[in-house]
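Read-outs throughout are calculated quantities, based only on the coordinates presented, and are distinct from any laboratory measurement. Remember, it's a predicted structure, so these values are computed and weren't measured experimentally. No Cβ is skipped: glycine too gets one built from the backbone with ideal geometry, and neighbour counts run over all protein chains shown.
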Amino acid sequence: MKQALERIEQAAKKELSEIRDSKELEALRIKFLGKKGDLSAIMKDMAKLSAEERPVIGQIANKVRTDISEAIEKRAEELKAAASELKLKEERLDVTLPGRAPKLGKLHPLDSVMREIEDIFIGMGFDIASGPEVEYDYYNFEALNLPPDHPARDTQDTFYISDKILLRTQTSPIQVRVMEKKKPPIRIVAPGRVYRSDAVDATHSPLFHQIEGLVVDKGITMTDLVGISKMFIERLYGENLKIRLRPHHFPFTEPSAEVDMECFNCGGKGCSMCKGEGYIELWGSGMVHPKVLRNCGIDPEEYSGFAFGMGLERLVMRKYGITDLRLLYENDLRFLEQF
Amino acid sequence: MDLSVKWLKDYVDRDYDIKKLCYDLTMTGSKVEGYETEGENIKNVVVGKLLSVVPHENSDHLVVCQVDVGKGEPIQIVTGAQNVKAGDIVPVALDGSDLPGGVHIKKGKLRGVESNGMLCSLGELGLTKHDFPYAIEDGIFILQEDCKIGQDIQSAIGLNDTSIEFEITSNRPDCLSVIGLARETAATYGMKFEEPNPQYKGVDGDITEKINVVIENEKLCRRYIGGYVKNVRIGPSPRWLRERLRASGVRPINNLVDITNYVMLEYGQPMHAFDARFIKGNEIHVRNAREGESITTLDGTVRELSPEMLVIADAEKPVAVAGVMGGEYSGIMDDTVDVIFESASFDGASVRRTARKLGMRTDSSARFEKGLDPRLCEPAILRAFELVEMLDCGEVLNTKIDRFPNPPKNGEVDFTPDWINRFLGTDIPAEKMVEYLERIGFKVNNGKISVPYYRIDIESKADIAEEVARFYGYNNLEGTDLRGVANAKLTPAQVLTRKLESACTALGLYEIETFSFISPKYYDKINLPENSSLRNSVKILNPLGEDTSVMRTTVLPSMCEVLARNYNYRNPEAKLFELGSEYIPTVEGSLPEEPQRLAIGVYGGESDFYSVKGIVESIFEALNICDVDYARAEGDCGFGETAMFHPGRSAVASVDGKNIAIFGEIHPDVLENYGIGTKAYAAKINVSELLEIIPAEKTYKPLPKFPAATRDISMICDDETPVATLEKLIKTAVGPILEKLSLFDVYKGEQIAEGKKSVAFSLVMRSKDATLTDDQADAAMKRVRKALGGTGVEVR
C-alpha cells in the first residue's frame, strides 16, 4: 500500500508536468484528489490495515495528499503567471501612436507675455489699472503736458473721433485717471491697446499694445526708477543683465530717460537682435512732470513719482524671434499653435 | 539733424574718435542715430591728368587716353565720353577700385585695346551737379579744383567729412543747429564754449529808404529783422560752403540762398531772402492771409491760403508763408540785384498748423514749430551779413530794420541743490551742480539760475534736475528699492478675465487678437438688418482706410474674418476665442461704453450646434454659474446679431431673466459672404454683465448618506416641444428629492408617428434624511406621469 501511494504521487507529478492549462489542471486535481479520485480509492483500503500499520500509512497518505496539492498549487501559479505574461504580451501597444487626450487651446502670444509681465508687477506690489481706449484729448494729451499744437504730438499720429475725442495713442491717460481718483501712494501698471495712424507693415500696426507703470509717493527718487528697471529685467529674463539710461524727452516726465538693457541674446557683445549695439531698448521712463502731478490734483512739493512705458509687440517679437508684426494679428492657427 | 564734423570743429576743436563722440553725446542726451563718412565707399580713385586723347582704332565712339596718375609711367584708359581733351584733370578709378553702389573697376580690354581703369563722371562718384555746379551731368567730371595729380579723390574734392545724424527731441530746437550741438559737445567734454560773435563792415545806406516793415499780428510774429544787400553777384558758393551744406543734407542752390541755409543750419534760425524788385510798394507786412488769397511757393506749387495763416506780404499780395516757405515769384534769381534778408520769429503753434494744413513740412517750419526765442534773430542775420562779405557777393547796408515789440527777459529758476539731490536720489555737491550748469551757459547767482535765451525748455527745478543729471551721468545713478508695503491684487474683472482665459484654453480654444476697428461693410457681411442699432458705430475722422474706419459694435464679424482666413489657409479645423471690447456710442461728445465680450468661433472636426453649446455650458460651469436657461434666439432677445445665425440652430442663454450669451450655427448666407465652405459656429458672451451674476462664494454640500432610487421614463410628444419644457415639468413634479435628471434618448423615425418624437430621461432621486423607499419613488413617478399627461404627452 505504501508502494501504491508512492506510485500515485509519482504519477501525479509526472502528469502535472504535462498540464497545459487550468482546465486540465482541475481535471488532474479531481483525478488524484477528488472524492472519487485515486487517492480516495486507496484510502478506502485503509480499513483493511492493521492498527499498527494504519497510522504509518495514514501519515504517508496525508503527506502524499499534501505534496500533490502543493504541486498542483505551484503548477497553478505557474500557469497563471504564464497566462498573464501571454496576455500582457498580446496587449502590447505601439506607444509611439499619438495620444487621444482632449486638445488644449493656447493663449495668444501677446496675451501670455502680457500676463507674465502683469504677474511680475503684481509681485512687486503694483495694481493693474485700465481705462477707456476711446479717450478724451484731455487725458491723452493735455493733462500729460501736451497742449494743443505741441510739436511732440506729431510723433504720435492720432486717430480722431471728434476734436475732443480720440483713440488713445498711449496708455498714459490711465495714469492721469488713476491719479485723479486715488491719493498717493500709487503703484500701478496699465496695460492696453493703443492706436496710431501707421499703415500696416512688418514693423508697424495702427493698433498695438503698451504697458505703462506709475509710482507716486512721498520721497520717490530717480534712483528708485533705476531700481525697478533692474528688478523687472531680472524677473523677466532671470539674469543679471546690465542696464543703461540715456537722457531723452517725454513731455510728461522730467527728467526723462530711455532705459536700455544689455541684449539677452548676446550678452552685450552685439548681434542681429540688438543690431550690433549690445543693448536693446526696454522702456521710456522718467520722473513724473510736476505739471502732470498738479493737473491731477497732486502737490508736486509733497509728492514725487516715476513712470515708465513700453510696447508689447516688440518685446514679444524679440522673445520668440518673430520678424513680421502682421503675424500677430493674422491669427493663422499654424502660427498660434506654436506658443 | 545731420552735423558735419568739420563744421563742429570750427567751434569745438578736438581730435574726435567718431564712435566715441557719438556714444558720449548720446549719453548726455543728444541721441545719435548713425553716422556716415562721405566717400567711404570709394577706394583707389585718384586725380589724373589726360596727356593725350586719340581715337580708338576699332570704334567710332571710343577714345584712348594716356593718363598721368602720379605714378611715373602714364596709364592707358579707354573711355566713351565725348567731353575730354588732353590737359583735362579728371577722377581716375584705377585697376581694383571701388565706386559707390558696389561697383568694382578692373583692368580689361575694350574692343581689343587695353584699358587700365575708368574715368569717372559725377554720378559715378555719387555726386550731382548741385555739388559741383561747373561740371556736366553726362560726361567725365573735369575737375576745376586745386588738387595734385595722384591725390586721393576724396581729399581732392572734399569728400572726407563725416556727417552724424542726430535724433533731436522736440524740446531742444537749439540743438537743431551746429552751434547748439557744439555747445553740448563742449559741455560733454568739460570744454569752454566760445559764443560766436559775427562781425560785418557794411556800406553806408539807410534801409528805411529802401523798405518798410509792419508787423500786423504781434502775437504770431514776435520779431522781424530786415536787412538789405545791394548789387549782389549771384553764383555758386565756394566749395567749403557747398561741402558743409552737402554734409548737412541740404542742396546747394546759389550763394545768396546758400547763405540763408547755412545760417539756419549753423544757428538754428530759419532765414529768407527776397528779390527786392518784386516787393511791391517796398513794404513788408506780416499779416494774416486774406480770404481767397493764394501763393505759388518756391517748389512751384500753388497754395490756397486761409485767414488763420500768417504770411509775409508786400503792398499787394503774399510773398511768403511765414516760417514755412517763400514764394516763387519773389525768390532769388540769377539776375537778382538787391536782396532783402528776413530773420524773424514766428509763433510755433501757428507755423505748425499752417505747415500741416498746407501739407509741407520744411526745415524752417520744423524749427519754428518747436519754439525759437526772438533773441536768436539778431546773431543769425549778423552772421548772414558776415557771410555775404566773406563770399564777397554783395554790399550789405549798415542799417537794418528791427521790429521787436516785446523783448522777453531771461528765464529764472530757483537753485535748489538739496531738493535736486532728494529728487534724483543722489548726493551731488552744490558746487558740482553749478559747474555742470555753467558749462551749458546757465548763470547761478544768489540761489537763482539765469537761463540762456536759447533754452526755451527750462521752466522749473525739475528741468534743472535733468540738466544736472545729464552731466552727472544717468548711469551713475545707483538703483534703490521702493520702500513701504504695497498690497496689490487683481480686481474682480481681472480675475474673471483670467478665469475665462483658462476655461477657454482648457476647452481647446485658441486665443486670437483682432483689430478693434472694422469696415462698416462688415455689418452687411453678418446680415445685420438695415435699421440695426449695431450699425451706429463710433467713426474715425481720419481712418487709414475704410477697412479700419469704425469702432466695432460687435466682436462677431472679426471672429468670422479669422474663421474665414483659417479656412482659406486650409486649416482643417479651428476652435477660437477672443476677449475683446465693443464700442457702443452714448451721447454726442461723451465717450462710448466699452463692454467686454467673449467671442467664440468654431468649424471643422466634430463640431455641431451642441458642441458649441457644450463650450458655452462649460464656461458657465467654470464660473460656477448654474441655472442657465436656453431659448431659441429670435426677436428681441437682447442681441442684435440674431440674423447672422441659422434661425433654427441658434440660442440665447439667460440667467435670472438676463440674456448673457448668444450662440449657434452661422447662417449659410453669412458663411457664403465670408467664403467659408463648411458649417461654422459662433458664440458671444457678455463678459461685463457676468460680473453681476457670478456667485461670490461656493459652499460645500455634504456627500449623500443614504442610497438613491433610480427610475427611467420614456415618452412621446410633439416634435416641436422643447426638451427643456419636459424637464421643467418633471422637476416641478418630483420636487426636492430629484437629485439629477438626465436625458438619454431622443428618437424620431420608425414606429413614431410623423411630427412626434420619443424622449427618455433617467431620474436619480434621493432624500437627505433617510433611505428613499420604493413607494416614495413610485409616488414621485406617478406625479411625473400625471404632470406630463396633463400636457398631452404620452408616457410609455
Sorting B:THR771, A:THR253 on the 10 Å Cβ count, fewest up front, what's the list? B:THR771, A:THR253
Rel. contact order, % - alpha carbon contacts under 8 angstrom, at least six apart, chain B: 8 percent
Can you tell me the FRET efficiency between B:ARG783 and A:SER84 if r is taken as the Cβ-Cβ distance and R0 is 45 Å, rounded to the nearest 0.05? 0.25
Footprinting proxy, B:GLU466, A:GLU70, A:GLU313: sorted fewest to most Cβ within 10 Å, the residues are A:GLU70, A:GLU313, B:GLU466
Between segment A:74-112 and segment B:736-796, what is the separation of their alpha carbon centroids in Å? 41 Å
Distribution of pairwise C-alpha distances over the protein assembly as shown, 20 Å bins, in %: 9, 26, 27, 18, 10, 6, 3, 1, 0
Pairs of lysines 8 or more apart, or on different chains, with alpha carbons under 19 Å: count those in segment B:492-690, would you? 14
With each label point set 7 Å from Cα along the Cα-Cβ vector, what nm distance links B:LEU490 and B:ALA506? 1.3 nm
Using a/c under 1.5 as the rounded threshold, could you call chain A rounded, prolate or oblate? The axes a ≥ b ≥ c are square roots of the C-alpha gyration tensor eigenvalues, and prolate needs a/b larger than b/c, oblate otherwise. prolate
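Compare the peptides B:477-485, B:152-160 by average per-residue count of other Cβ atoms within 10 angstrom and give them in order, highest first.
Listed from highest to lowest mean packing, they are B:152-160, B:477-485.
In whole percent, what relative contact order does chain A give with Cα contacts below 8 Å and a gap of six or more residues?
14 percent
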Count, for each residue of A:165-172, the Cβ atoms from other chains sitting within 10 Å of its Cβ, then give me the mean as a whole number. 2
Using a Gaussian network model on chain A with a 10 Å cutoff between Cα atoms, which of A:GLY268, A:GLY321, A:GLY34 fluctuates the most? A:GLY34
Net charge of neighbours whose Cβ lies under 15 Å from the Cβ of B:LEU743, counting Lys and Arg as +1 and Asp and Glu as -1: +3
So for segment A:239-339, Kirkwood radius off the Cα pairs, Stokes-Einstein at 20 °C and 1.002 mPa s: how many µm² s⁻¹? 135 µm²/s
Extension reserve of the B:ASN568-B:THR710 stretch, reckoned as 0.36 nm per residue once the Cα distance is removed: 46.1 nm
Extension gain B:VAL746-B:ASP392, at 0.36 nm per residue separation less the Cα-Cα distance, in nm? 117.0 nm
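Using 0.36 nm per residue of separation minus the Cα-Cα distance, give me the extension gain between B:THR773 and B:ASN83 in nm, one decimal. Don't skip to the end; give the middle numbers.
Details: separation 690, 0.36 × 690 = 248.40 nm, distance 12.00 nm.
That pair, B:THR773 and B:ASN83, stretches by 236.4 nm at full extension.
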Across peptide A:238-251, what mean number of C-beta atoms from other chains lies inside 10 Å of a residue's C-beta? 4
Taking Cα centroids, how far is segment B:627-650 from segment A:164-198 in Å? 37 Å
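For B:459-468, what's the mean count of beta carbons from other chains sitting within 10 Å of each residue's beta carbon?
Counting Cβ atoms of other protein chains within 10 Å of each residue's Cβ and averaging gives 5.
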Excluding residues on the same chain fewer than 8 positions from B:LYS9, give the lysines whose Cα lies under 20 Å from its Cα. B:LYS19, B:LYS20, B:LYS31, B:LYS192
Straight-line reach from B:LYS106: which lysines have a Cα under 18 Å away, not including same-chain ones fewer than 8 places off? B:LYS43, B:LYS71
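Tell me, what is the FRET efficiency for A:HIS204 and A:ARG334 to the nearest 0.05, using R0 = 22 angstrom and their Cβ-Cβ distance as r?
Efficiency for this residue pair is about 0.40.
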Any chance you could list the semi-axes, whole Å, largest first, of the equivalent ellipsoid that the Cα gyration tensor gives for segment B:207-403, using √(5λ)? 24, 19, 16
Theoretical FRET efficiency, 1/(1+(r/R0)^6), r = Cβ-Cβ of A:SER17 and A:THR96, R0 41 Å, to 0.05: 0.50
Would you list, by chain and number, the lysines whose Cα falls below 22 Å from the Cα of B:LYS210, excluding same-chain residues fewer than 8 positions away? B:LYS201, B:LYS230, B:LYS280, B:LYS317, B:LYS400
Sum of side-chain charges, B:ILE75 neighbourhood, beta-carbon under 13 Å (Lys, Arg +1; Asp, Glu -1): -1
Is the shape of segment B:492-690 rounded, prolate or oblate, going by the alpha carbon gyration tensor and its root eigenvalues a ≥ b ≥ c, with a/c under 1.5 for rounded and a/b larger than b/c for prolate? rounded
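Can you tell me the alpha carbon radius of gyration of chain B divided by the globular rule-of-thumb value 2.2 N^0.38 Å?
Ratio of Rg to 2.2 N^0.38 Å for chain B: 1.49.
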Within the under-13-Å Cβ sphere about B:ASP718, not counting B:ASP718, Lys/Arg +1 and Asp/Glu -1 give a net charge of -1
Listing B:LYS521, B:LYS461 from the residue with the fewest other Cβ atoms within 10 Å to the one with the most, what is the order? B:LYS521, B:LYS461
What is segment A:170-296 by shape, rounded, prolate or oblate, if you read a ≥ b ≥ c off the alpha carbon gyration tensor as root eigenvalues and call it rounded for a/c under 1.5, prolate for a/b larger than b/c, and oblate otherwise? oblate
Using only DSSP helix segments of four residues or longer, with each worth -39500 (n - 2.57), what per-residue ellipticity at 222 nm results for chain A after dividing by its residue count and rounding to 500? -13000 deg cm²/dmol
Rounded to the nearest 20 debye, what is the charge dipole size of chain B about its Cα centre when +1 sits on each Lys and Arg Cβ and -1 on each Asp and Glu Cβ? 1780 debye
Assuming a strict under-25 Å limit between Cα atoms, what lysine pair count do you get for segment A:109-336 once near-sequence pairs (fewer than 8 apart, same chain) are dropped? 20
At what distance in angstrom do the alpha carbon centres of segment B:169-239 and segment B:489-532 lie from each other? 59 Å
